1. Per-residue HN-Hα couplings for region 145-151, Karplus 6.51 cos²θ - 1.76 cosθ + 1.60 at θ = phi - 60°, whole Hz, x for Gly and Pro?
2. What is the Cα radius of gyration of the chain over 2.2 N^0.38 Å, N being its residue count?
3. Based on the Cα gyration tensor of region 19-61, what are the three equivalent ellipsoid semi-axes, each the root of five times an eigenvalue, rounded to whole Å and given largest first?
4. May I ask you to list the residues of region 70-92 whose amide nitrogen lies under 16 Å from a point 7 Å from Cα along the Cα→beta-carbon direction of Val148?
5. Describe numerically, in nm with one decimal, the distance between label points set 7 Å from Cα along Cα→Cβ at Asn83 and at Arg140.
6. Can you give the charge dipole size of the chain about its Cα centre, rounded to the nearest 20 debye, using +1 on the beta carbon of Lys and Arg and -1 on the beta carbon of Asp and Glu?
7. Let me have the 222 nm mean residue ellipticity of the chain computed from DSSP H runs of 4+ only, each contributing -39500 (n - 2.57), with the sum over all residues rounded to the nearest 500.
8. At 7 Å along Cα-to-Cβ for each site, give me the label-to-label distance between Ala24 and Arg51 in nm.
Amino acid sequence: MNPRVLLLPGLYNSGPEHWQRYWAAEHGFQIVEQRDWETPDRREWVETLQRAVTTEAGPVVLVGHSLSCCLIAHWAAAHPGENVRGALLVAPSDVEAPSYPSGTTGFTPMPLDPLPFPSIVVASTDDEYVSLDRAERFARAWGSRFEVLGPLGHINSSSRLGLWPEGYALLRELMA
């Protein structure tokens, strides 16, 4: 049985030119819609993710971008027995950095417990929301494989990745 893929945008959501939107359109993956993208509350986001994971039976692969990498780590700590086959964690924002935008509630401190499923952290060499050292620290703590891309910024719409085939190849590994 192929796993369902849940796409989890970060703070402010993913715009129409974001690779997550391309993946949803091309592959039929579900985007998990949060009620509040501007001033998210961790408890609410975790509950929304929990509903999405448990709506249907069967395995799930999570694809988080930015703040949703932190969301997945918080969710996994609260729901470790769920049927998640793996997680692709792209451009994990450092919610503890002084440069991180204000307005989020409950996401700090960054959860650093090992994830109970296979995962891959993907980072850019010039991400304004996380240093490469911090992204690597998150990957180590979560037990994730660490993949470093070139200078792609926050790996978002501004990166102009379109369908982002390299990222999709990493997702396919987790789906296998």
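No value in this document is a laboratory result; all are computed from the given coordinates. Just so we're clear, the structure is a prediction, and the values are computed from it rather than from any experiment. Because the Cβ atoms are built from the backbone with ideal geometry, glycine has one as well, and the counts that use them run over all protein chains shown.
1. Working through the residues one at a time gives 5, 10, 10, 9, 9, x, x Hz.
2. 0.92
3. Semi-axes (√(5λ), whole Å): 20, 16, 6.
4. 91-92
5. 3.6 nm
6. 380 debye
7. Roughly -9500 deg cm²/dmol at 222 nm, from the helical runs in the chain.
8. Those two pseudo-labels are separated by 1.6 nm.
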